[in-house]
Amino acid sequence: MYANILVIGLEESVAAELSKSLSELHHTVFSERCLSPAAAIRSIDRTAAELVFCTAEPSIYEGLLKLLREQGRQVPVVVVSRLPEIDKWLDAMDAGAADYCAPPFESRPLRAIVETTVKQPRALLEVC
């Protein structure tokens with residue numbers, strides 16, 4: 001399973017490392033600088049993104065998650081932090097993030113994140 005993945009608002013070195021790891025798993029990766037929620041939605045549409053990896057900055061991911069919910073979109077968002085901090089992880093999950101990750105970006109965990117998050121919205125749509 002290969003997915004179109006959008007990386008939003010990460011520090012350049014973190015975005016490069018994540019993009020490289022996802023590309024090695026044969027996913028198509030698009031990277032954008034920090035975007036407003038509306039601009040992020042346009043990027044999701046333009047790239048046909050099935051999954052978004054977004055900065056752990058609450059001012060970015062919370063607005064994106066809220067707009068996705070308001071529009072009834074089924075695009076999962078994975079929050080990415082430079083450091084694996086439990087409090088940030090819990091806050092992101094409470095806000096509606098599908099998952100949370102931090103470097104190093106290893107193949108097995110990334111593969112699991114992509115497979116579970118990209119399949120889940122489709123499964124929900126099939127049930128309805």
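Table for the structure above
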| quantity | calculated |
| --- | --- |
| Ranking of 91, 45, 99 by count of other Cβ atoms within 10 Å, fewest first | 45, 91, 99 |
| Gap separating the Cα centres of the stretch 15-55 and the stretch 70-110, nearest whole Å | 13 |
| Cα centre as origin, Lys/Arg/Asp/Glu Cβ charges: the stretch 34-128 dipole, Debye | 300 |
| Per-residue ³J(HN,Hα) for the stretch 107-115, Karplus 6.51 cos²θ - 1.76 cosθ + 1.60, θ = phi - 60°, Hz, x for Gly and Pro | 4, 4, x, 5, 4, 5, 4, 5, 4 |
| Fraction of the pair-distance distribution of the stretch 4-127 above 24 Å, Cα-Cα pairs, percent | 17 |
| Contour excess over end-to-end distance, with Cα ends at residue 17 and residue 115 and 0.36 nm allotted per residue | 33.3 nm |
| HN-Hα J in Hz across the stretch 74-90 - Karplus 6.51, -1.76, 1.60, θ = phi - 60°, x for Gly and Pro | 9, 8, x, 10, 10, 8, 10, 10, 5, 10, x, 9, 4, 4, 5, 4, 5 |
| Two-site label geometry, residue 71 and residue 46: point separation in nm, points 7 Å out along Cα→Cβ | 1.3 |
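None of the figures in this text is laboratory data; all of them are computed from the coordinates on show. Remember, it's a predicted structure, so these values are computed and weren't measured experimentally. Glycine also receives a Cβ, built like all others from the backbone with ideal geometry; neighbour counts cover every protein chain displayed.
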